[in-house]
Amino acid sequence: MKNRTDRLLAIILLLRSRRQLTARQLAEIFDVSMRTIYRDIESLTQAEVPIVVDPGPEGGYRLLDNYALPPVMFTMDEAVGLFLGGSFVAHRQGTPFGEAIKTALIKIEDVLPDELRDSVQTTVQSVLFDLHDRRDYSGSREQFEVILDGIRLRQRIDIRYKAAQRQQARSREISPWGIIFDNGNWYLVGYCHMREAERMFHLGRIH
(Lines give C-alpha, C1' and ligand atoms only; values in the text may rest on other atoms or scores of the structure.)
Protein backbone atom coordinates (compact mmCIF):
# COMPACT_ATOMS: atom_id res chain seq x y z
CA MET A 1 0.00 0.00 0.00
CA LYS A 2 1.31 3.44 -0.91
CA ASN A 3 -0.12 5.06 2.23
CA ARG A 4 -2.54 4.58 5.10
CA THR A 5 -5.48 6.09 3.21
CA ASP A 6 -5.14 3.43 0.50
CA ARG A 7 -5.09 0.71 3.16
CA LEU A 8 -8.20 2.05 4.91
CA LEU A 9 -10.12 2.07 1.64
CA ALA A 10 -8.88 -1.43 0.83
CA ILE A 11 -10.06 -2.68 4.24
CA ILE A 12 -13.55 -1.37 3.53
CA LEU A 13 -13.59 -3.01 0.10
CA LEU A 14 -12.40 -6.34 1.53
CA LEU A 15 -15.03 -6.32 4.28
CA ARG A 16 -17.70 -5.61 1.67
CA SER A 17 -16.58 -8.44 -0.58
CA ARG A 18 -15.66 -11.09 2.02
CA ARG A 19 -18.27 -10.19 4.63
CA GLN A 20 -16.05 -10.99 7.63
CA LEU A 21 -12.31 -10.96 8.33
CA THR A 22 -10.27 -11.19 11.53
CA ALA A 23 -7.56 -8.73 12.53
CA ARG A 24 -4.97 -11.45 11.93
CA GLN A 25 -6.24 -12.08 8.40
CA LEU A 26 -6.18 -8.36 7.60
CA ALA A 27 -2.67 -8.03 9.01
CA GLU A 28 -1.46 -10.88 6.78
CA ILE A 29 -3.14 -9.42 3.70
CA PHE A 30 -1.54 -5.98 4.14
CA ASP A 31 1.72 -7.22 5.68
CA VAL A 32 1.35 -5.02 8.77
CA SER A 33 1.05 -5.72 12.49
CA MET A 34 -2.25 -6.52 14.19
CA ARG A 35 -1.77 -3.35 16.26
CA THR A 36 -1.77 -1.37 13.00
CA ILE A 37 -5.03 -3.04 11.98
CA TYR A 38 -6.59 -2.18 15.34
CA ARG A 39 -5.66 1.47 14.81
CA ASP A 40 -7.06 1.36 11.27
CA ILE A 41 -10.37 -0.09 12.45
CA GLU A 42 -10.59 2.53 15.17
CA SER A 43 -10.00 5.29 12.60
CA LEU A 44 -12.71 3.88 10.35
CA THR A 45 -15.26 3.69 13.16
CA GLN A 46 -14.43 7.27 14.17
CA ALA A 47 -15.13 8.22 10.56
CA GLU A 48 -18.58 6.63 11.02
CA VAL A 49 -17.90 3.59 8.86
CA PRO A 50 -20.33 1.01 10.33
CA ILE A 51 -17.93 -1.80 11.21
CA VAL A 52 -19.32 -4.50 13.50
CA VAL A 53 -17.10 -6.71 15.69
CA ASP A 54 -18.32 -10.28 16.18
CA PRO A 55 -16.55 -11.81 19.22
CA GLY A 56 -15.42 -15.40 19.57
CA PRO A 57 -13.15 -17.77 17.63
CA GLU A 58 -15.43 -17.58 14.57
CA GLY A 59 -15.83 -13.83 14.83
CA GLY A 60 -14.18 -10.91 13.12
CA TYR A 61 -14.92 -7.56 11.51
CA ARG A 62 -17.77 -7.01 9.09
CA LEU A 63 -19.68 -4.11 7.53
CA LEU A 64 -23.37 -3.45 7.94
CA ASP A 65 -25.20 -4.53 4.79
CA ASN A 66 -26.63 -1.09 4.07
CA TYR A 67 -23.24 0.67 3.90
CA ALA A 68 -22.48 2.12 0.47
CA LEU A 69 -19.22 3.61 -0.79
CA PRO A 70 -18.95 6.41 -3.35
CA PRO A 71 -17.97 5.19 -6.86
CA VAL A 72 -14.46 3.73 -6.89
CA MET A 73 -11.90 5.96 -8.64
CA PHE A 74 -8.75 4.47 -10.12
CA THR A 75 -5.38 6.18 -10.07
CA MET A 76 -3.30 6.27 -13.25
CA ASP A 77 -0.98 3.51 -12.02
CA GLU A 78 -3.89 1.31 -10.91
CA ALA A 79 -5.70 1.64 -14.24
CA VAL A 80 -2.57 0.99 -16.29
CA GLY A 81 -1.72 -2.01 -14.10
CA LEU A 82 -5.18 -3.48 -14.58
CA PHE A 83 -5.12 -3.08 -18.35
CA LEU A 84 -1.56 -4.32 -18.84
CA GLY A 85 -2.07 -7.34 -16.58
CA GLY A 86 -5.53 -8.09 -17.93
CA SER A 87 -4.50 -7.73 -21.56
CA PHE A 88 -1.46 -9.96 -21.03
CA VAL A 89 -3.46 -12.74 -19.37
CA ALA A 90 -6.37 -12.46 -21.82
CA HIS A 91 -4.12 -13.04 -24.82
CA ARG A 92 -2.21 -16.01 -23.43
CA GLN A 93 -3.21 -19.23 -25.17
CA GLY A 94 -5.29 -21.52 -22.98
CA THR A 95 -6.36 -18.84 -20.51
CA PRO A 96 -9.75 -20.09 -19.20
CA PHE A 97 -11.10 -16.60 -18.48
CA GLY A 98 -9.73 -14.81 -21.53
CA GLU A 99 -13.06 -13.59 -22.89
CA ALA A 100 -14.34 -12.66 -19.43
CA ILE A 101 -11.21 -10.55 -18.81
CA LYS A 102 -11.66 -8.71 -22.12
CA THR A 103 -15.28 -7.93 -21.23
CA ALA A 104 -14.28 -6.74 -17.75
CA LEU A 105 -11.63 -4.40 -19.20
CA ILE A 106 -14.24 -2.87 -21.51
CA LYS A 107 -16.49 -2.20 -18.50
CA ILE A 108 -13.62 -0.65 -16.52
CA GLU A 109 -12.66 1.55 -19.47
CA ASP A 110 -16.24 2.77 -19.71
CA VAL A 111 -16.25 4.18 -16.16
CA LEU A 112 -12.89 5.96 -16.41
CA PRO A 113 -12.92 9.75 -16.78
CA ASP A 114 -12.15 10.83 -20.36
CA GLU A 115 -8.72 12.29 -19.55
CA LEU A 116 -7.63 9.23 -17.60
CA ARG A 117 -9.00 6.89 -20.28
CA ASP A 118 -6.94 8.61 -22.99
CA SER A 119 -3.75 8.44 -20.90
CA VAL A 120 -4.32 4.77 -20.07
CA GLN A 121 -4.91 3.87 -23.72
CA THR A 122 -1.74 5.69 -24.79
CA THR A 123 0.32 3.94 -22.13
CA VAL A 124 -1.07 0.45 -22.71
CA GLN A 125 -0.57 0.73 -26.47
CA SER A 126 3.06 1.68 -25.85
CA VAL A 127 3.96 -1.49 -23.92
CA LEU A 128 4.27 -4.79 -25.79
CA PHE A 129 4.92 -8.31 -24.47
CA ASP A 130 6.37 -11.37 -26.15
CA LEU A 131 3.53 -13.70 -25.19
CA HIS A 132 5.61 -16.81 -25.80
CA ASP A 133 8.11 -15.96 -23.06
CA ARG A 134 7.48 -17.77 -19.77
CA ARG A 135 10.02 -16.08 -17.52
CA ASP A 136 9.27 -13.60 -14.77
CA TYR A 137 9.18 -9.98 -15.86
CA SER A 138 11.29 -7.35 -14.15
CA GLY A 139 12.25 -3.78 -14.81
CA SER A 140 13.07 -0.51 -13.13
CA ARG A 141 9.93 1.32 -12.01
CA GLU A 142 11.73 4.67 -12.18
CA GLN A 143 12.82 4.01 -15.77
CA PHE A 144 9.30 2.99 -16.72
CA GLU A 145 7.76 6.11 -15.20
CA VAL A 146 10.15 8.45 -17.02
CA ILE A 147 9.75 6.67 -20.36
CA LEU A 148 5.96 6.38 -20.13
CA ASP A 149 5.69 10.06 -19.15
CA GLY A 150 7.72 10.91 -22.25
CA ILE A 151 5.41 8.80 -24.42
CA ARG A 152 2.21 10.25 -22.96
CA LEU A 153 3.41 13.85 -23.05
CA ARG A 154 5.24 13.45 -26.40
CA GLN A 155 8.43 14.77 -24.82
CA ARG A 156 12.04 13.85 -25.41
CA ILE A 157 14.00 12.17 -22.64
CA ASP A 158 17.72 12.35 -21.87
CA ILE A 159 19.52 9.10 -21.10
CA ARG A 160 23.03 7.79 -20.69
CA TYR A 161 23.39 4.52 -22.58
CA LYS A 162 26.19 1.97 -22.43
CA ALA A 163 26.12 -0.08 -25.62
CA ALA A 164 27.33 -3.67 -25.40
CA GLN A 165 30.50 -2.96 -27.39
CA ARG A 166 31.47 0.22 -25.49
CA GLN A 167 33.22 0.71 -22.16
CA GLN A 168 31.57 4.01 -21.25
CA ALA A 169 28.00 5.28 -21.35
CA ARG A 170 27.17 8.04 -23.82
CA SER A 171 24.46 10.71 -23.59
CA ARG A 172 21.49 10.28 -25.87
CA GLU A 173 18.36 12.33 -26.53
CA ILE A 174 15.43 10.06 -27.34
CA SER A 175 11.86 10.56 -28.51
CA PRO A 176 10.30 7.46 -26.87
CA TRP A 177 7.71 5.48 -28.83
CA GLY A 178 7.15 2.36 -26.76
CA ILE A 179 8.46 -0.35 -24.45
CA ILE A 180 8.84 -3.99 -25.50
CA PHE A 181 9.44 -7.12 -23.41
CA ASP A 182 11.20 -9.75 -25.51
CA ASN A 183 13.28 -12.82 -24.70
CA GLY A 184 13.49 -11.96 -21.00
CA ASN A 185 14.54 -8.32 -21.46
CA TRP A 186 12.89 -4.90 -21.57
CA TYR A 187 13.68 -2.52 -24.43
CA LEU A 188 12.92 1.13 -25.12
CA VAL A 189 12.01 1.82 -28.74
CA GLY A 190 12.30 5.37 -30.00
CA TYR A 191 14.00 7.90 -32.24
CA CYS A 192 17.63 8.61 -31.34
CA HIS A 193 18.45 12.21 -32.20
CA MET A 194 22.20 11.52 -32.08
CA ARG A 195 21.92 8.71 -34.67
CA GLU A 196 18.97 10.35 -36.44
CA ALA A 197 17.31 6.95 -36.67
CA GLU A 198 14.99 4.55 -34.87
CA ARG A 199 16.80 2.53 -32.21
CA MET A 200 16.13 -0.07 -29.50
CA PHE A 201 17.77 0.41 -26.10
CA HIS A 202 18.19 -2.35 -23.51
CA LEU A 203 16.74 -0.94 -20.26
CA GLY A 204 19.46 -2.66 -18.26
CA ARG A 205 22.07 -0.46 -20.00
CA ILE A 206 20.22 2.83 -19.51
CA HIS A 207 21.42 5.11 -16.70
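The values are calculated or read from the model by the stated rules, or taken from the named source; none is laboratory data. Just so you know, these numbers come straight off a predicted model, no measurement behind them. Glycine also receives a Cβ, built like all others from the backbone with ideal geometry; neighbour counts cover every protein chain displayed. SASA here: full protein model, heavy atoms, side chains in, ligands and nucleic acids out. Shrake-Rupley method; radii C 1.70, N 1.55, O 1.52, S 1.80 Å.
Within segment 141-199, can you find the residues that are more than 27 Å from the chain's Cα centre (by Cα) and among the acidic types (Asp, Glu)?
GLU173, GLU196, GLU198
For segment 170-204, which positions are over 15 Å from THR123 (Cα atoms), part of a strand (DSSP E or B) and in contact (Cβ under 8 Å) with a residue 40 or more places away in the chain?
ASP182, TRP186, PHE201
If PRO50 satisfies all but one of (1) touching a Phe, Trp or Tyr at 6+ places or on another chain (Cβ under 6 Å); (2) within 24 Å of ASP77 (Cα to Cα), what's the number of the condition it fails?
PRO50 satisfies all of (1) touching a Phe, Trp or Tyr at 6+ places or on another chain (Cβ under 6 Å); (2) within 24 Å of ASP77 (Cα to Cα) except (2).
Specify the residue that is most open to solvent (accessible area, probe 1.4 Å); the eligible residues are those in segment 78-110 that are among the charged types (D, E, K, R) and modelled with pLDDT of 80 or more.
GLU78
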